[in-house]
1. Please identify the chymotrypsin sites (Phe, Trp or Tyr not before Pro) of the stretch 1-74 that satisfy two criteria: DSSP loop assignment and at most 15 other Cβ atoms within 10 Å. Which are they?
2. Identify which of 84, 74, 42 has the largest mean-square fluctuation in a Gaussian network model of the chain, with springs joining Cα atoms closer than 10 Å.
3. Given a 1.4 Å probe and every protein chain left where it sits, what share in percent of the accessible area of the chain is carbon and sulfur?
4. Roughly speaking, what is the stretch gain from residue 73 to residue 44, that is 0.36 nm per residue apart minus the C-alpha to C-alpha distance, in nm to one decimal?
5. Give me the extension gain from residue 143 to residue 99: residue separation times 0.36 nm, minus the current Cα-Cα distance, reported in nm with one decimal.
6. Please determine, in degrees from 0 to 90 and to the nearest 10, the orientation of helix 31-43 with respect to the longest principal axis defined by the Cα atoms of the chain, where the helix direction is its Cα long axis.
7. Averaged per residue, what accessible surface does the chain expose to a 1.4 Å probe, in Å²?
8. Are there chymotrypsin sites (Phe, Trp or Tyr not before Pro) in the stretch 98-150 that DSSP puts in a loop and that have at most 11 other Cβ atoms within 10 Å, and which ones?
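The values are calculated or read from the model by the stated rules, or taken from the named source; none is laboratory data. Not measured: the values here are computed from a predicted model. Don't worry about glycine lacking a Cβ; one is built from the backbone with ideal geometry, like all the others, and counts go over all protein chains shown. These accessible areas exclude ligands, DNA and RNA; they are computed on the full protein's heavy atoms, side chains included. Shrake-Rupley method; radii C 1.70, N 1.55, O 1.52, S 1.80 Å.
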Amino acid sequence: MDALDRKILTELQQDGRLTITELAARVQLSVSPCHRRLRDLERTGAIRGYRAVVDPPAVGLNFEALVFATLRWEDRDTVSTFEEAVTAIPHVIQAQRLFGEPDYLLRVATTDLVAYQQIYDQQLAKLPGVQRLTSTLVMKHIVNDRPLPE
C-alpha cells in the first residue's frame, strides 16, 4: 500500500458516497487507474465495505452505556459461548475482547435508562460465564467514528 492508496482510503472514509470520477479528481488520478486501485483495496480487504453512519439520537437511541464484563474463567468454550451470546443482542453496538481485566468492553445503545435496565437484567446479566458486569454511562462523545490516520 502506497501513499496514493492511503489517500484514496482517507477520501472514502470522509465520504463513502464519492463517485469514482470525484474520487479520482480528489486524489489526482485519471478514472481508470483510480478505479483499479479502488478494486484492489476492496479485493485485499483494506476496504471491508460501505455503510451509512446513523446518528443514534435521530433514531431514538438517546442513551448509551459502556459495560465491562469479567468472565469466571476463560477457557475456549466459555469465550466462544459468551461471544456468540453477545453478538445476538442487537443493542450491543460494539464489543471488544481486552487483555487483562476486564475481559470485554461492550457498547450498548438504548432509548433510555429504563430500556437499558431491562436489557441489563434480561440479557446482559444472563450472558454465559459472566462473573461481574460494571456499567458506566456515556455523558458525551468527544471523538466518534473518526477515520483511521494515514
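1. Values: sites: 50, 63, 68, 73; in loops: 50, 73.
Here the sparse-neighbourhood loop sites are 50, 73.
2. Result: 42 has the largest fluctuation of those listed.
3. 52 percent
4. In short, 6.8 nm is gained.
5. Net length gain for the segment: 13.5 nm.
6. Result, in degrees: 30.
7. Here the per-residue accessible area is 69 Å².
8. Details: sites: 99, 104, 116, 120; in loops: 99.
Within the stretch 98-150, the qualifying chymotrypsin sites (Phe, Trp or Tyr not before Pro) (loop, at most 11 other Cβ atoms within 10 Å) are 99.
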